[in-house]
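J.: Structure incoming, see below.
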Amino acid sequence: EKPSYKWRRVLLKVSGEALAGDHSQNIDPKVTMAIAREVASVTRLGIEASLNPLLSLILVVLLQYHVELGVAIVVGGGNIFRGSSRAGCSGLDRSSADYIGMLATVMNAIFLQATMESIGTPTRVQTAFRMSEVAEPYIRRRAVRHLEKGRVVIFAAGTGNPFFTTDTAAALRCAEINAEVVLKATNVDGVYDDDPRHNPNAQLHDTLTYHEVTSKDLSVMDMTAITLCQENNIPVVVFNLTKSGNIAKAIKGERVGTLIGG
Ligand code: UDP
């Protein structure tokens with residue numbers, strides 16, 4: 001039996017590839033809506049929005065006495081632009097390519113925010129570099145305050161630095177806002193001992209240590225991201241977001257996918 005956890009604050013990492021869904025467009029609105037619905041189902045204000053005003057008032061009063069579940073999201077941008085694979089084309093240097101990649105994550109963040117707000121979940125987008133007409137700048141204490149108020153905070157533009165990834169941004173923001181876990185939403189069920197697309201006998205790992213991930217070179221996250229998680233004792237759950245209900249399960253601490261820790 002897989003044990004479950006009761007998280008109070010989580011950092012959900014949604015890759016750009018996951019947002020692309022069936023790949024007919026850069027961003028599949030069905031995917032953003034599925035994410036929005038599942039996040040709404042587990043956050044206080046999301047639940048309130050689906051109730052009538054009187055019921056929601058009662059719920060607010062009752063829930064004041066409960067520790068609230070905070071959800072922060074880091075979005076990737078690989079569905080639109082990946083710096084590392086575009087650098088070198090027509091004189092595009094790596095740093096410039098990475099800035100374009102970071103801007104791509106802002107597009108995804110705004111789309112996701114609009115979808116979440118369309119179903120009544122209050123959200124804030126914070127960018128790692130200033131684009132103040134579009135979103136708030138990243139301010140750690142402000143992000144935490146939003147979470148305390150039940151808003152979902154979407155972190156965009158990665159770490160703000162070229163040569164990093166949004167997985168590293170997820171680990172970094174998780175540590176900064178004292179979230180307890182990185183929930184990495186992908187298109188596969190978790191971490192396998194071999195590539196499940198090529199080997200039908202590949203086995204899914206239930207749990208892995210950080211050391212196993214790095215020493216076996218399991219492509220879960222880049223080395224910078226996984227090391228940051230290890231150094232700060234942040235567990236990572238890798239799970240499949242395309243299976244309905246999985247995001248809500250992961251946020252609620254029910255065991256899905258692969259848990260990396262210890
Ligand atoms: N990026 C960056 N610094 C960061 C985060 C992202 O330069 O801190 C750039 C990088 O070019 C990357 C792109 O943004 O390829 C998109 O992010 P990522 O590849 O991590 O997205 P995902 O794989 O999650 O879709």
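J.: Can you put Y5, Y138 in order, fewest other beta carbons within 10 Å first?
T.: By the 10 Å Cβ count, ascending, the order reads Y5, Y138.
J.: With +1 on each Lys and Arg Cβ and -1 on each Asp and Glu Cβ, and nothing else charged, work out how big the dipole of the chain is about its Cα centre, in Debye to the nearest 20.
T.: Charge dipole, the chain, about its Cα centre: 800 debye, nearest 20.
J.: Another one. How big is D for region 100-144, in µm² s⁻¹ as a whole number, if Stokes-Einstein is applied with the Kirkwood radius of its Cα pairs at 25 °C and 0.890 mPa s?
T.: 221
J.: Need one number for region 9-261: average projected area of the convex hull over its C-alpha atoms, nm².
T.: With every direction weighted equally, the projected area is 14.3 nm².
J.: Hey, another quick one. If the elastic network links every pair of Cα atoms under 10 Å, which of K149, K216, K13 fluctuates the most in the Gaussian network model of the chain?
T.: K216
J.: Pull up the cross-link candidates among the lysines for K243, meaning alpha carbon to alpha carbon under 25 Å and not fewer than 8 places away within one chain.
T.: Within reach: K2, K6, K13, K30, K184, K252.
J.: Could you list T166, T207 so that the one with the fewest beta carbons within 10 Å of its beta carbon is first and the one with the most is last?
T.: T207, T166
J.: Could you give the length gained by full extension between S41 and S132, i.e. 0.36 nm per residue of separation minus their alpha carbon distance, to one decimal place?
T.: In short, 29.8 nm is gained.
J.: Here's something else I'd like to know. Which of the helices in the chain, when you take each full DSSP H run, stretch at least 24 Å along the axis at their Cα atoms and have an average Kyte-Doolittle score of 0.0 or higher?
T.: Passing helices, by number: 94-118.
J.: Starting from the Cα-Cα distance between Y5 and D222, subtract it from 0.36 nm times their residue separation and give me the gain in nm to one decimal.
T.: Gain on extension, Y5 to D222, equals 75.6 nm.
J.: To the nearest 500 deg cm²/dmol, what mean residue ellipticity at 222 nm is calculated for the chain from DSSP H runs of n ≥ 4 alone, each contributing -39,500 (n - 2.57), summed and divided by the residues?
T.: Per the formula, -11500 deg cm²/dmol.
J.: Of Q126, N161, H146, which is farthest towards the positive pole of region 117-165's charge dipole, taken about the Cα centre with +1 and -1 on the beta-carbons of Lys, Arg and Asp, Glu respectively?
T.: H146
J.: Suppose R0 equals 22 Å; then what is the FRET efficiency for C89 and S244 from their Cβ-Cβ distance, rounded to the nearest 0.05?
T.: 0.05
J.: For region 9-261, what's the relative contact order in percent, using C-alpha pairs closer than 8 Å and at least 6 residues apart?
T.: 22 percent.
J.: Please report the antiparallel percentage of the DSSP beta bridges confined to region 9-261, to the nearest 5.
T.: 10
J.: Given axes a ≥ b ≥ c from the Cα gyration tensor, I'd like to know whether region 75-158 is rounded (a/c under 1.5), prolate (a/b larger than b/c) or oblate.
T.: Here region 75-158 falls in the prolate category.
J.: So if R0 is 41 Å, what FRET efficiency would I139 and L55 give, r being the distance between their Cβ atoms, rounded to the nearest 0.05?
T.: With R0 = 41 Å, the Cβ-Cβ based efficiency is 0.75.
J.: OK, next. Sketch the reach of a paramagnetic label on N232 as a point 7 Å from Cα along Cα-to-Cβ, and name the residues of region 109-146 whose backbone nitrogen lies under 18 Å away.
T.: 126-129, 138-146
J.: How would E176, E231 line up from fewest to most surrounding beta-carbon atoms within 10 angstrom?
T.: Ascending Cβ contact count within 10 Å gives the list E231, E176.
Taken together, the values in this text are just the output of simple stated rules run on the coordinates, not laboratory data. Keep in mind it's a predicted model, so treat the numbers as computed, not measured. Neighbour counts run over all protein chains shown; Cβ positions are idealised from the backbone, glycine included.
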